[in-house]
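FYI, it's all coordinate maths here, none of it is from the lab. Only a predicted model underlies this, so the values are computations on that prediction, with no experimental measurement involved. Glycine gets a Cβ as well: all are built from the backbone with ideal geometry, and neighbour counts include every protein chain shown.
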Amino acid sequence: MKHSSELERQAALDVVKLMVAAARTAPKTRGIDNIEIIVVDDDTTKKNVLQKMREIAAIDNRPYMDRDANSCGQSPVFIVIGVRSNPAGLNCGYCGYRTCDELIKTNGTCAFNLIDLGISISSAASIASQLHVDNRVMYSIGRAALDMKLFGKDVRQALGIPLSVSGKNPFFDRK
């Protein structure tokens, strides 16, 4: 016999695997895969990420980071998707600079990389939604993961999605 709480946790862990697949196979604007994905499913790393979120909240006066850490504390797992900086070489101007060389000189971010991050995070979130697992895209998780250097050095933007299988979505109706 199993209690539902054990199966609910396992369901979240099973769904995150499908989210990784969706994020990886999501369309890329230039057909170049600059996406990096981590899954935080162990208590130690989760505790450290939540602590980093609280530290950022205090240092940068961002109370929503503390609020997010509290709601993420109810999540058995979260996925964090980052994107490596890799200018397109198209001189499109979408980043606000006339050329990619100008962007590189300022250490800026290629718009195509951010678009790819958005497509990947949306693909992952859609899987959780389709499978009725509560989730929410959060900048705060990504920021903490970046500050903790959980990704390679070229990843400069990241977003996270915590998952929950419970009677009430802990990521909404927050104070």
Write out the GluC sites (Glu not before Pro) in the range 1-107 meeting two conditions: DSSP loop, and at most 14 other Cβ atoms within 10 Å of their Cβ.
-> none
Residue separation between Asp147 and Asn48 times 0.36 nm, minus their alpha-carbon distance, gives in nm 34.5 nm
When the chain is treated as a Gaussian network with springs between alpha carbons less than 10 Å apart, the largest mean-square fluctuation among Gly82, Gly152, Gly160 is found at Gly152
Please give the contour-minus-distance gain from Glu102 to Ser129: 0.36 nm per residue of separation, less the Cα-Cα distance, rounded to one decimal in nm.
-> 5.7 nm
Quick one: among Ala23, Ala111, Ala145, which has the greatest mean-square fluctuation in a GNM of the chain with alpha-carbon springs under 10 angstrom?
-> Ala111
Going through Lys17/Lys46; Lys2/Lys46; Lys47/Lys105; Lys17/Lys105; Lys28/Lys168 one by one, the pairs whose alpha carbons sit over 29 Å apart turn out to be Lys47/Lys105; Lys17/Lys105; Lys28/Lys168
What's the center-to-center distance, using Cα atoms, between the range 53-118 and the range 128-163 in Å?
-> 10
Amide N proximity, the range 136-158 versus Ala58 label position 7 Å along Cα-to-Cβ, cut-off under 17 Å = 144, 148
Amide H within-cut-off set for Asp134, under 5 Å, with H built and near neighbours excluded = Ser164, Ser166
Amide H to amide H, which residues 5 or more places from Glu36 or on other chains are under 5 Å from it, using H placed in the peptide plane?
-> Gly82, Val83, Arg84
